[in-house]
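Chemist: Below: one structure in structure tokens.
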Amino acid sequence: MHTYTEQVEHYFPTNSDLWKIFQSANSLLAACVTPIEEIRPQAKEQVKQIFRSWVFLALCVKAHEETIRRRWLKKTKAQRRAVPLKA
């Protein structure tokens, strides 16, 4: 199995402008990649925050569900379609 770089070399000569663009983009991408050991703690914290927010939202909806339903049913079909488009 060939690496991605080897496959690109096969289709584009190494002295072409396209090859030079690929090489610079490839090196930029390599410089931007962060090791997983650094990302994992941040990701875990973000997951916790997402679930805390989800629980908070669920509690808000549960507390105000009746009002939300009543107001939703008062809207016309066109108004209901417009709501997700605004978000």
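Chemist: Considering only region 39-61, I want to know if a residue exists there that is modelled with pLDDT under 95, surrounded by 10 or more Cβ atoms within 10 Å (Cβ to Cβ) and polar (S, T, N, Q).
Modeler: Yes, that holds for at least one residue.
Chemist: Right, something else. Take PHE22 and tell me if it is of a type outside the set (Asp, Glu) and touching a helix residue (DSSP H, G or I) at 6+ places or on another chain (Cβ under 7 Å).
Modeler: Yes, satisfied.
The values are calculated or read from the model by the stated rules, or taken from the named source; none is laboratory data. This one's a predicted model, so the numbers in the text were calculated from it and none came from an experiment. Quick reminder, even Gly has a Cβ in these numbers, built from the backbone with ideal geometry, and neighbours come from all protein chains shown.
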